[in-house]
Amino acid sequence: MQRCHWCGEDPVYQHYHDTVWGRPEYDSLELFEKLCLDGQQAGLSWITILKKQANYEAAFFNFDPYQMAQMDEADVERLMQDTGIVRNRLKIQSLIRNAKAYVAFAEQGDFSHFLWSFVGGRSIVNQWQESSQIPTQTTESEAMSKALKKLGFNFVGPTICYAFMQACGLVMDHVTSCHCYQECKTLAERQS
C-alpha cells in the first residue's frame, strides 16, 4: 500500500494519514482544535504532538474554547508540570490566547466559513507526483496567517497555517501515487 512518505512506518502516523489528513473538515470546533495542535508542533515533529493529542484534550477541556478562555496563569503553572503535553510556557499561553480570540470571533462570524474563505470555500486539489513538489506555505496560507494574527491568534505562521490547511482538507496534498489520493479527491469534489 503506497502512502505519502512523511508518515513513515509508525502505525499511529499511518492511521492519522489514512483516516484524517487531507479529508475536508467543516466543524468549527474541530478546526479550532486542529489549528491549536498545529501551533504546538512549532519546532517539533507532528508525530510528537499527535501522540500527545489525548493528553492535550484532557488538559484543555477537549478544546472547548469557551472553557479554555477562562483559564489563567494558575492554570498555566499547573500545566507546566503536566508531562503529557509540551511544557512550553509560550505554547500553553498561546492555547488560552487562541481560545479567547476564537470566542471573540464567534460572536460575529462562523469560524469554519472564515477559514474556508481563504480557499474560496472549496478544497484546492493538487496533483503532486513527488513530496518534494509540495510547498511549505502559499499565498493562501500567508493570507490566513495574517488574518488570524489580526484576530489575536498566535503560533499561526504561514507554514503552520499551510500544515493546518493540508490536514483539514482545505488543500488536498496527498501525492497522486498515495492510496488516499482518489478518496480525498472525491471528498473534495463533493463540496457544494
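Scanning region 30-45 for residues that are surrounded by fewer than 17 Cβ atoms within 10 Å (Cβ to Cβ) and at pLDDT 95 or above gives a single hit, GLU30.
Against the condition of a type in the set (S, T, N, Q), on the phi < 0 side of the Ramachandran plot, touching a residue at least 12 places away in the same chain (Cβ under 8 Å) and in a helix (DSSP H, G or I), how does GLN127 come out, does it pass? Spelling it out, it is not the case that GLN127 is of a type in the set (S, T, N, Q), on the phi < 0 side of the Ramachandran plot, touching a residue at least 12 places away in the same chain (Cβ under 8 Å) and in a helix (DSSP H, G or I). When every residue of region 151-162 is checked against the conditions, at least one turns out to be within 22 Å of GLU30 (Cβ to Cβ), among the small types (Gly, Ala, Ser) and touching a residue at least 12 places away in the same chain (Cβ under 8 Å).
For region 46-104, filtering for residues that are open to solvent by less than 40 Å² (accessible area, probe 1.4 Å) and among the acidic types (Asp, Glu) leaves 1. Of ILE49, ILE85, ILE96, all but one fail to be under 26 Å from TYR13 (Cα atoms), touching an Asp or Glu at 6+ places or on another chain (Cβ under 9 Å), modelled with pLDDT of 95 or more and of a type in the set (A, V, I, L, M); the exception is ILE49. Evaluated against (1) in contact with a His (Cβ under 8 Å, 6 or more places away or on another chain); (2) open to solvent by 20 Å² or more (accessible area, probe 1.4 Å); (3) not aliphatic (A, V, I, L, M), CYS4 falls short on exactly one condition, (2). Scanning region 162-174 for residues that are more than 15 Å from TRP116 (Cα to Cα) and either charged (D, E, K, R) or open to solvent by 10 Å² or more (accessible area, probe 1.4 Å) (or both) returns a single hit, ASP173. Go over the candidates PHE111, PHE118 one by one and state the one that is open to solvent by less than 30 Å² (accessible area, probe 1.4 Å) and over 29 Å from MET1 (Cβ atoms). Result of the check over PHE111, PHE118: PHE111.
One residue stands out among those in region 139-150 that are crowded, with 17+ Cβ neighbours inside 10 Å and not polar (S, T, N, Q): the one that is nearest to CYS184 (Cα to Cα), which is GLU140. Pairing residues of region 172-192 that are without any contact (Cβ under 8 Å) to a residue 60 or more places away in the chain with residues that are in a loop (DSSP other than H, G, I, E, B) and open to solvent by less than 60 Å² (accessible area, probe 1.4 Å), at Cβ distances under 6 Å and at least 6 apart in sequence or on separate chains, gives TYR181/HIS174. A single member of THR159, THR136, THR186 is open to solvent by 10 Å² or more (accessible area, probe 1.4 Å), hydroxyl-bearing (Ser, Thr, Tyr) and within 28 Å of ASP64 (Cβ to Cβ), and it is THR159.
The values are calculated or read from the model by the stated rules, or taken from the named source; none is laboratory data. Everything quoted here is computed from the prediction, not taken from an experiment. Because the Cβ atoms are built from the backbone with ideal geometry, glycine has one as well, and the counts that use them run over all protein chains shown. Areas reflect the complete protein model, heavy atoms only, side chains present, ligands, DNA and RNA absent. Shrake-Rupley method; radii C 1.70, N 1.55, O 1.52, S 1.80 Å.
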